[in-house]
1. Which of the residues that make up the stretch 284-317 are more than 13 Å from ILE28 (Cα to Cα) and polar (S, T, N, Q)?
2. How do the pairs read when you match residues in the stretch 63-92 that are within 17 Å of ASP47 (Cβ to Cβ) and without any contact (Cβ under 8 Å) to a residue 40 or more places away in the chain with residues anywhere that are of a type in the set (Phe, Trp, Tyr) and open to solvent by 10 Å² or more (accessible area, probe 1.4 Å), using Cβ under 9 Å and keeping only pairs 6 or more apart or on different chains?
3. Would you mind finding the one in GLY133, GLY140 that is closer than 16 Å to ARG88 by Cα, open to solvent by less than 50 Å² (accessible area, probe 1.4 Å) and either out of contact with any Cys (no Cβ under 7 Å at 6 or more places or on another chain) or without any contact (Cβ under 8 Å) to a residue 24 or more places away in the chain (or both)?
4. Scan the stretch 12-36 for residues that are open to solvent by 10 Å² or more (accessible area, probe 1.4 Å), β-branched (Val, Ile, Thr), modelled with pLDDT of 95 or more and not in a strand (DSSP E or B) and jot them down.
5. How many residues does the stretch 272-297 contain that are open to solvent by 10 Å² or more (accessible area, probe 1.4 Å), of a type in the set (Gly, Ala, Ser) and out of contact with any Phe, Trp or Tyr (no Cβ under 8 Å at 6 or more places or on another chain)?
6. Let me spell it out: the conditions are (1) modelled with pLDDT under 95; (2) assigned to a loop (DSSP other than H, G, I, E, B); (3) open to solvent by 50 Å² or more (accessible area, probe 1.4 Å), and THR39 meets all of them except one. Which number is the exception?
7. Within the stretch 150-174, can you find the residues that are under 13 Å from GLY139 (Cα atoms) and not in a strand (DSSP E or B)?
Amino acid sequence: MQAIQTAGLGLLLAAVLAVSATAQTVSIPARGQTTPVGTVADDAADDPAIWRDPRNPEKSLIVGTDKKAGLHVYRLSGESVHFTPAGRVNNVDLLDLGSRGVLVVASDRNDPARALLRIYRLDTRRGALIPLGEAEGGGGEAYGVCLAVLAREIHAFSVLKDGQIVQVRLDLTKAGASGTPVRALRVPSQAEGCVVDPRTGTLYVGEEAAGVWTFDARPGGTTEGRLAIRVDNVQLTADVEGLALMPRGRIRGWLVVSSQGDNAYALYRLPELAPAGRFRIAGGTIGSAEETDGIALAPGRFSRTFPDGLFVAQDGNNAPDAQNFKLASWAEILKAVRAAAP
């Protein structure tokens with residue numbers, strides 16, 4: 001009996017050591033930042049989305065929310081080149097549809113009993129947002145939103161504060177844009193961040209107190225979800241906030257999760273969702289990022305500073321200035337995380 005107990009303790013200790021090794025957190029300096037949002041002395045900046053200019057990557061743009069006022073469009077330099085007043089818009093996502101333009105959708109929580117999706121086209125030459133219309137996002141307070149092209153249709157996932165997730169098919173016409181709810185999903189408690197992997201048809205949703213759920217994103221798929229990543233206060237600490245995905249090849253890559261409770265970001269390998277390390281934005285001359293809500297990640301070369309992917313994170317503590325967004329090199333993140341791996 002004693003031998004069995006000793007063996008069991010040995011296995012438990014090995015598991016704890018393995019998790020602790022995986023959870024080593026590296027620090028990455030910010031290599032850029034945006035100008036602060038206009039709302040001062042308040043929790044205001046929230047979520048970014050990245051558009052990479054395929055012809056001239058240094059002219060790429062970042063869309064970010066001031067959740068008390070509207071939407072900013074930033075250059076890689078951090079300069080805000082456009083602001084759209086929209087009140088309480090919480091999260092934002094975008095899709096580059098090629099010849100059909102760049103679609104931008106923000107979650108509108110101006111009415112806490114009626115979630116809306118605000119739909120825009122990004123004028124990439126001027127860096128301006130052109131309103132196209134709106135779509136119903138469900139009965140409740142809008143929080144998260146993410147977009148994907150699935151079976152040649154544009155779908156938005158409207159994540160409500162109470163854990164409802166409404167899948168909306170978006171329709172674009174010359175006259176504007178509208179949407180039709182097609183399916184309802186749910187997680188048990190407050191949710192916000194989401195991202196879709198169109199390669200596998202998988203929707204990832206962050207339940208703030210519990211972890212990350214996976215769902216079949218296809219409109220005809222099952223509505224049953226699975227809590228695939230659990231808050232363990234080692235690799236991932238509540239609140240679970242923004243989610244971002246970096247694809248590699250047919251099904252591989254990484255999922256990044258904002259571990260807001262300890263000012264870090266947890267990295268998971270796709271498709272198995274195995275823990276792959278952790279990092280913080282800290283050090284350097286620009287400053288750190290804390291209490292991060294939304295994050296965004298995009299592949300490709302942007303500039304000499306961002307040679308192989310761009311990571312953008314909301315900074316919830318940019319004192320003495322208002323909140324803003326910090327920019328980091330994905331190549332630098334991945335190199336540091338790999339170097340720290342056991």
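1. Within the stretch 284-317, THR292, SER303, THR305, GLN314, ASN317 qualify.
2. Listed by first residue and then by second, the contacts come to ASP66/PHE83; ALA69/PHE83; GLY70/PHE83; HIS72/PHE83.
3. On the way: GLY133 fails: closer than 16 Å to ARG88 by Cα.
Matching residue, one of GLY133, GLY140: GLY140.
4. Within the stretch 12-36, THR35 is the sole residue that qualifies.
5. Qualifying residue count for the region: 5.
6. Exception for THR39: condition (3).
7. LYS161, ASP162, GLY163
Table: residues versus (1) within 21 Å of ASP93 (Cβ to Cβ); (2) outside any loop (DSSP other than H, G, I, E, B).
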site: ALA266; (1), (2): yes, yes
site: ARG269; (1), (2): no, yes
site: THR292; (1), (2): yes, no
site: ALA296; (1), (2): yes, yes
site: SER303; (1), (2): no, no
site: VAL312; (1), (2): yes, yes
site: ALA328; (1), (2): yes, yes
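The values are calculated or read from the model by the stated rules, or taken from the named source; none is laboratory data. Predicted, not measured: the structure shown is a model, and the values here were computed from it. Note: ideal-geometry Cβ built from the backbone for every residue, glycine included; neighbour counts use all protein chains shown. Calculation scope for accessible area: heavy atoms of the full protein, side chains included, ligands and nucleic acids excluded. Shrake-Rupley method; radii C 1.70, N 1.55, O 1.52, S 1.80 Å.
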